[in-house]
Amino acid sequence: MAKKDKKVNAWQIIVAVFQALAALFGSLKKSHDIAHEASSEDPSRQKGLR
């Protein structure tokens, strides 16, 4: 029984890590999209970004 509990805990940890990575990449994408919107609104700032 203890081995099965360990496996469940390992899967829970793996799932939690992937959820944390998904949240991190989601927030990074959101901030990137906001920055991209801001740069496309102001053409004078666009020169230095690319």
First in the stretch 16-34 and without any contact (Cβ under 8 Å) to a residue 12 or more places away in the chain, second anywhere and open to solvent by 60 Å² or more (accessible area, probe 1.4 Å), Cβ under 7 Å, 6 or more apart = none
Any idea which of (1) at pLDDT 85 or above; (2) under 23 Å from the mean Cα position of the chain (by Cα); (3) open to solvent by less than 100 Å² (accessible area, probe 1.4 Å) is the one S39 doesn't satisfy?
-> (1)
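The values are calculated or read from the model by the stated rules, or taken from the named source; none is laboratory data. This structure is a prediction, so every number in the text was calculated from the model and none was measured. Cβ sites come from the backbone with ideal geometry, for glycine too, and all protein chains shown count toward neighbours. Heads up: the accessible areas ignore ligands, DNA and RNA and are worked out on the full protein's heavy atoms, side chains in. Shrake-Rupley method; radii C 1.70, N 1.55, O 1.52, S 1.80 Å.
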